Amino acid sequence: MENKTLFGELPLGWKHVALSDVTTFISRGRQPKYIASVEGIPVINQKMIRNFTIDYRYVKYNDPKKNINKSVFIKIGDTLVNSTGVGTVGRSAYISIDPMRPTFVDSHVTIVRPDTAIVDPKFMSVVLSSDVYSNYMGSTLAQGSTGQVELSRQKLSKMCIPFPPLNTQHLIGTIFDLIDQKIKLNHQINKNLLRLCRIQFDRVKLACSSTTDLSNIAVLMMGQSPKGNTYNQKGEGTPLLNGAADFRGGINPSKYTSDPKKVTKPGDYVFGIRATIGLTTKVFGCYAIGRGTGLARSLNSEFDELLYFILEDSFDYFAHAATGSVYLNISRKDFETYSAPAFSGHSQKVFHDFASPLMEKIYQNETQNKKLTQIRDILLPKLLSGSVDLSGIEEAMKNA
């Protein structure tokens with residue numbers, strides 16, 4: 001096998017191996033129907049695979065004895081690869097916490113388990129999570145039986161990866177594990193800070209004796225998609241947020257447009273209004289918003305943090321009001337006439353003084369995570385091509 005990978009020539013002592021030579025692919029069944037529950041069996045589907053981590057969703061099944069055979073035991077060190085869907089094929093996530101019980105993994109996800117005697121699990125996950133390999137996996141797509149594009153297990157198994165000595169694998173894996181752990185820690189801190197703000201918001205809301213239309217609190221705007229011939233993926237023009245997929249887990253526009261129709265201002269909140277609703281996200285720049293996105297702009301700076309939680313409550317309301325609907329589509333009028341708590345001026349100030357520094361810390365952590373991810377993306381191909389001398393780093397880590 002030639003001594004070359006997608007990253008170019010391999011350093012001396014490195015090999016080039018097929019994924020099937022160092023891993024096992026674990027079978028999994030189709031995800032059965034379930035009802036949401038705070039307890040039950042962990043479920044992983046393709047939408048959860050992003051940003052190198054997984055948030056488990058726990059569900060309760062109507063017939064667990066019948067469905068338990070469709071579950072698998074995933075382990076710490078497994079890597080899950082999304083193998084179906086345009087634009088998302090090749091995304092992967094590393095299992096760092098063992099559920100210690102059967103877990104349902106849907107049929108669009110491939111479980112890759114490394115042979116730990118010859119490959120470092122974190123190193124393998126780092127390789128598969130790189131843009132180079134994600135893009136490569138996306139380029140090997142075939143039309144699946146359901147009409148969707150799929151990355152077959154056969155093609156994945158034949159994919160070749162750079163294979164340095166085990167101690168080098170471990171060192172590279174450790175470097176990226178430290179970065180990923182910091183990213184996850186920031187995510188957890190943000191969840192806790194948001195939970196504290198939610199508790200305080202609910203307390204303040206209980207004191208409200210009347211309601212007001214949301215239009216009296218914020219300017220509301222529904223997006224309008226530019227013409228298709230104005231789109232590009234070269235970063236030219238205004239970044240476009242066409243729907244919730246473009247700001248799930250952070251602002252990640254997949255397209256740009258030279259002819260934006262509706263544009264955000266720094267400090268606006270954007271959210272999904274079609275199919276996937278919610279995911280309220282604050283923006284700090286100018287973005288074009290497409291027909292799957294709405295925005296809310298606070299009329300009062302002291303109402304900014306309250307607006308975030310009012311919007312979150314509104315999505316719960318709309319979701320329950322649309323029970324039985326196959327496709328949710330929220331209009332501007334729905335938002336403008338939504339009954340929000342009528343907070344007094346005193347209540348606004350009390351909550352603003354409490355929540356403002358906490359929300360600011362959340363945004364700072366999100367910015368830091370974006371920078372850490374950029375560092376990860378820049379560093380990864382350099383390490384996997386062997387262009388960075390790791391000897392000094394290895395010695396420093398031994399003495400740490």
Inset, instruction - Tell me, please, whether a residue that is without any contact (Cβ under 8 Å) to a residue 40 or more places away in the chain, part of a strand (DSSP E or B) and either among the hydrophobic types (A, V, I, L, M, F, W, C) or more than 28 Å from Lys361 (Cα to Cα) (or both) can be found in the range 239-248. - result: no
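For (1) closer than 25 Å to Gln181 by Cβ; (2) touching a Pro at 6+ places or on another chain (Cβ under 9 Å); (3) at pLDDT below 70, each residue gets a yes or a no:
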{"residue": "Arg101", "(1), (2), (3)": "yes, yes, yes"}
{"residue": "Phe104", "(1), (2), (3)": "no, yes, no"}
{"residue": "Pro114", "(1), (2), (3)": "yes, yes, no"}
{"residue": "Val119", "(1), (2), (3)": "yes, no, no"}
{"residue": "Ser129", "(1), (2), (3)": "yes, no, no"}
{"residue": "Asn135", "(1), (2), (3)": "no, no, no"}
{"residue": "Ser139", "(1), (2), (3)": "no, no, yes"}
Inset, instruction - Within the range 280-304, work out how many residues are open to solvent by 50 Å² or more (accessible area, probe 1.4 Å) and in a loop (DSSP other than H, G, I, E, B). - result: 5
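Out of Ile277, Ile251, Ile273, report the one residue that is assigned to a strand (DSSP E or B), touching a residue at least 12 places away in the same chain (Cβ under 8 Å) and open to solvent by 20 Å² or more (accessible area, probe 1.4 Å). Give the derivation first.
Working: Ile251 fails: assigned to a strand (DSSP E or B); Ile273 fails: open to solvent by 20 Å² or more (accessible area, probe 1.4 Å).
Among Ile277, Ile251, Ile273, only Ile277 is assigned to a strand (DSSP E or B), touching a residue at least 12 places away in the same chain (Cβ under 8 Å) and open to solvent by 20 Å² or more (accessible area, probe 1.4 Å).
When you look at Asp246, is it in contact with a Leu (Cβ under 9 Å, 6 or more places away or on another chain) and modelled with pLDDT of 95 or more, yes or no?
It is false that Asp246 is in contact with a Leu (Cβ under 9 Å, 6 or more places away or on another chain) and modelled with pLDDT of 95 or more.
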Inset, instruction - For the range 200-239, name all the residues that are under 10 Å from Tyr256 (Cβ atoms) and touching a helix residue (DSSP H, G or I) at 6+ places or on another chain (Cβ under 9 Å). - result: Gly237, Pro239
Inset, instruction - With the checklist (1) under 21 Å from Thr280 (Cα atoms); (2) in contact with a Ser or Thr (Cβ under 6 Å, 6 or more places away or on another chain) in hand, flag the one item Pro226 doesn't pass. - result: (1)
Inset, instruction - Please list, ordered by first then second residue, the pairs with beta carbon atoms under 6 Å, 6 or more apart or interchain, first in the range 196-215 and in contact (Cβ under 8 Å) with a residue 24 or more places away in the chain and open to solvent by 50 Å² or more (accessible area, probe 1.4 Å), second outside any helix (DSSP H, G or I) and β-branched (Val, Ile, Thr). - result: Asp213/Thr337
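For every residue, the table says whether it meets (1) touching a residue at least 24 places away in the same chain (Cβ under 8 Å); (2) open to solvent by less than 40 Å² (accessible area, probe 1.4 Å); (3) of a type in the set (Gly, Ala, Ser); (4) not in a helix (DSSP H, G or I).
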site: Leu178; (1), (2), (3), (4): no, no, no, no
site: Ile183; (1), (2), (3), (4): yes, yes, no, no
site: Asn186; (1), (2), (3), (4): yes, yes, no, no
site: Ile189; (1), (2), (3), (4): yes, no, no, no
site: Asn192; (1), (2), (3), (4): no, no, no, no
site: Met221; (1), (2), (3), (4): yes, no, no, yes
site: Tyr256; (1), (2), (3), (4): yes, no, no, yes
site: Lys265; (1), (2), (3), (4): yes, no, no, yes
Inset, instruction - Would you please list the contacts, defined by Cβ atoms under 8 Å and residues six or more apart or on different chains, that run from a residue in the range 355-374 that is closer than 29 Å to Arg203 by Cα and hydroxyl-bearing (Ser, Thr, Tyr) to a residue that is open to solvent by 80 Å² or more (accessible area, probe 1.4 Å) and outside any helix (DSSP H, G or I)? - result: Tyr363/Phe284
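For every residue, the table says whether it meets (1) under 30 Å from Asn186 (Cα atoms); (2) touching an Asp or Glu at 6+ places or on another chain (Cβ under 9 Å).
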{"residue": "Met222", "(1), (2)": "no, no"}
{"residue": "Asn242", "(1), (2)": "yes, no"}
{"residue": "Lys255", "(1), (2)": "yes, yes"}
{"residue": "Ser258", "(1), (2)": "no, yes"}
Inset, instruction - Please state which one of Ala355, Ala340, Ala322 is touching a Leu at 6+ places or on another chain (Cβ under 6 Å), over 30 Å from Thr174 (Cα atoms), at pLDDT 90 or above and open to solvent by less than 70 Å² (accessible area, probe 1.4 Å). - result: Ala340
Legend entry - the range 299-311, residues that are closer than 18 Å to Thr337 by Cβ and either touching a Pro at 6+ places or on another chain (Cβ under 8 Å) or modelled with pLDDT of 95 or more (or both): Leu307, Ile310, Leu311
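The values are calculated or read from the model by the stated rules, or taken from the named source; none is laboratory data. These numbers were taken from a predicted model, which means no experiment stands behind them. Note that we place each Cβ from the backbone using ideal geometry, even for glycine, and neighbour counts take in every protein chain shown. Heavy atoms of the whole protein, side chains included, go into the accessibility calculation; ligands, DNA and RNA do not. Shrake-Rupley method; radii C 1.70, N 1.55, O 1.52, S 1.80 Å.
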